[in-house]
1. I'd like the full set of residues that are near ligand 2 (Cβ under 8 Å from one of its atoms), assigned to a strand (DSSP E or B) and not hydroxyl-bearing (Ser, Thr, Tyr), limited to region B:82-104.
2. Being surrounded by 15 or more Cβ atoms within 10 Å (Cβ to Cβ) and either under 13 Å from B:Ala117 (Cβ atoms) or within 12 Å of chain A (Cβ to nearest Cβ) (or both) is the filter here, so list the residues in region B:189-216 that pass it.
3. B:Cys79: in a helix (DSSP H, G or I), within 16 Å of ligand 1 (Cβ to nearest atom) and under 30 Å from B:Cys109 (Cα atoms), yes or no?
4. Which condition from (1) within 11 Å of ligand 2 (Cβ to nearest atom); (2) touching a residue at least 40 places away in the same chain (Cβ under 8 Å); (3) away from chain A (no Cβ under 11 Å) is the one that B:Pro78 breaks?
5. Just one of the numbered conditions (1) more than 29 Å from A:Glu16 (Cβ to Cβ); (2) more than 16 Å from the chain's Cα centre (by Cα); (3) modelled with pLDDT of 95 or more; (4) buried (at least 18 other Cβ atoms within 10 Å of the Cβ) is not true of B:Asp177; which one?
6. Restricted to region B:116-164, and to residues that are within 14 Å of chain A (Cβ to nearest Cβ) and open to solvent by 60 Å² or more (accessible area, probe 1.4 Å), which residue is farthest from ligand 1 (Cβ to nearest atom)?
7. Take the residues in region B:97-115 that are surrounded by fewer than 20 Cβ atoms within 10 Å (Cβ to Cβ) and not aliphatic (A, V, I, L, M); name whichever of them is nearest to ligand 1 (Cβ to nearest atom).
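The values are calculated or read from the model by the stated rules, or taken from the named source; none is laboratory data. Remember, it's a predicted structure, so these values are computed and weren't measured experimentally. Glycine gets a Cβ as well: all are built from the backbone with ideal geometry, and neighbour counts include every protein chain shown. These area figures cover heavy atoms from the full protein model, side chains too; ligands, DNA and RNA do not enter into them. Shrake-Rupley method; radii C 1.70, N 1.55, O 1.52, S 1.80 Å.
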Amino acid sequence: MSNPQQPRLTPLPEWEEEAEAMLDGVEYDTDLGVRMARDAIRVSNGELTDAEFHEKYHEQVMEEFGKDERPTKPEGFDDD
Amino acid sequence: MTNYGLVIDQERCIGCHACAISCKQENNVPMGQFWNRVLTEGGDKMDTPSGGYPTDGGNGSLDMQYQPTACQHCENAPCVKVCPVNATYTRDDGIVEIDYEKCIGCRYCMAACPYNARVFNWDEPEHMPEEGTGDVPARPQGVVEKCTFCSHRVDEGLDPACVVNCPADARIFGDLDDEASTVSKYINQYETHQLLEDRGTKPKTYYISGEMSPGRPQTSDKLESELDDVQVWSDGTDDVPADSGSGGSAGSSTGGIHSVDDDAVGDAVPHVPAVDAGGDD
Ligand code: SF4
Ligand code: SF4
């Protein structure tokens, strides 16, 4: 997991493979994790807004974790 | 508002791994984990160059540089956005931290971090010595952890351990929002880059490459009080002509830092055999 020689700047396709490997075996939904991680980077990149990101995953996050406390929640967002 | 950041001068970095080791010790990082790593840019393995030896007096093409890396404390951090329970959060001073009580170990943040900066505690953390090291408690099994810019030290007005223990003065820590701070001056004066700038994460770690900075001898409050009789450092910002490389006052600074190390922090830095310094623990 912490090979100090592991690449520091892996290109995106390889990163996705790594992300899948990181999440493999986790007791939470691996596929949701990979999709959210990819989109979180898109949010940072300006390709998706915080609000869109929050809304896109809110229901799945609620289902998976029973709560959604991400800081991406837009003002006035209806939690229910 | 305070906004902490780090400058690392890659021209000054000598790949000694003192930052990685002092981080591990200060932060009680378990065996098998690293928060702070020094990668080699060059060959396929650590401390191996790319290229080949010169033959028959021809030009050699050997090339090797160091890439110190840890959490970049991104201003626009995907790890923060993706954490469903808000265990990963950004402090008011810009440090990205994890509330280990809240972390449920889903590892979504690990997948979202483009810098591979986070590690997961698969097992009960093991420490050497068993009671642990440094000034922070061990994190439990099943949570993610990472570099905190030594927030426990920063809260007391001290620099991070990696900064204080860098024998090459390659690390400078400070307030990016303060124009007069040394980090801000260095970012203005030298050519810097951030890792993966195209990802929009706005990392708060800046790397200097191309032209060697004068470096900045680190004298934290604690060390200054302990070392009243040791020579006073100059700020050094203007000491070195732009093209002087390793000469000038940077050289004399390097000589001086040994006396600081020997007198004050020699015992605090573990003596790690070179062969193990870059290993997994
Ligand atoms: S480097 Fe990774 S862990 Fe650190 S703030 Fe950026 S995204 Fe988060
Ligand atoms: S592993 Fe912990 S810090 Fe990371 S996203 Fe999950 S709950 Fe948040």
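1. Answer for region B:82-104, where residues must be near ligand 2 (Cβ under 8 Å from one of its atoms), assigned to a strand (DSSP E or B) and not hydroxyl-bearing (Ser, Thr, Tyr): just B:Ile98.
2. Answer for region B:189-216, where residues must be surrounded by 15 or more Cβ atoms within 10 Å (Cβ to Cβ) and either under 13 Å from B:Ala117 (Cβ atoms) or within 12 Å of chain A (Cβ to nearest Cβ) (or both): B:Gln194, B:Leu195, B:Leu196, B:Arg199, B:Gly200, B:Thr201, B:Pro203, B:Lys204, B:Thr205, B:Tyr207.
3. Values: in a helix (DSSP H, G or I): yes; within 16 Å of ligand 1 (Cβ to nearest atom): yes; under 30 Å from B:Cys109 (Cα atoms): yes.
Judged against the criteria, B:Cys79 is a match.
4. Every listed condition holds for B:Pro78 apart from (3).
5. The one condition B:Asp177 does not meet is (4).
6. Per the criteria, the residue is B:Glu126.
7. Taking region B:97-115 and keeping what is surrounded by fewer than 20 Cβ atoms within 10 Å (Cβ to Cβ), we get B:97, B:99-102, B:104-105.
Those left that are additionally not aliphatic (A, V, I, L, M): B:97, B:99-102, B:105.
Values: B:Glu97: 10, B:Asp99: 14, B:Tyr100: 14, B:Glu101: 18, B:Lys102: 16, B:Gly105: 15 Å.
Going through the qualifying residues, I end up with B:Glu97.
Quick grid of which residues meet (1) facing another protein chain (nearest Cβ under 7 Å); (2) modelled with pLDDT of 90 or more; (3) surrounded by 12 or more Cβ atoms within 10 Å (Cβ to Cβ); (4) touching a His at 6+ places or on another chain (Cβ under 8 Å):
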| site | (1), (2), (3), (4) |
| --- | --- |
| A:Thr10 | no, no, yes, no |
| A:Glu18 | no, no, yes, no |
| A:Val43 | yes, yes, yes, no |
| A:Ala51 | no, yes, yes, no |
| A:Gly66 | no, yes, no, no |
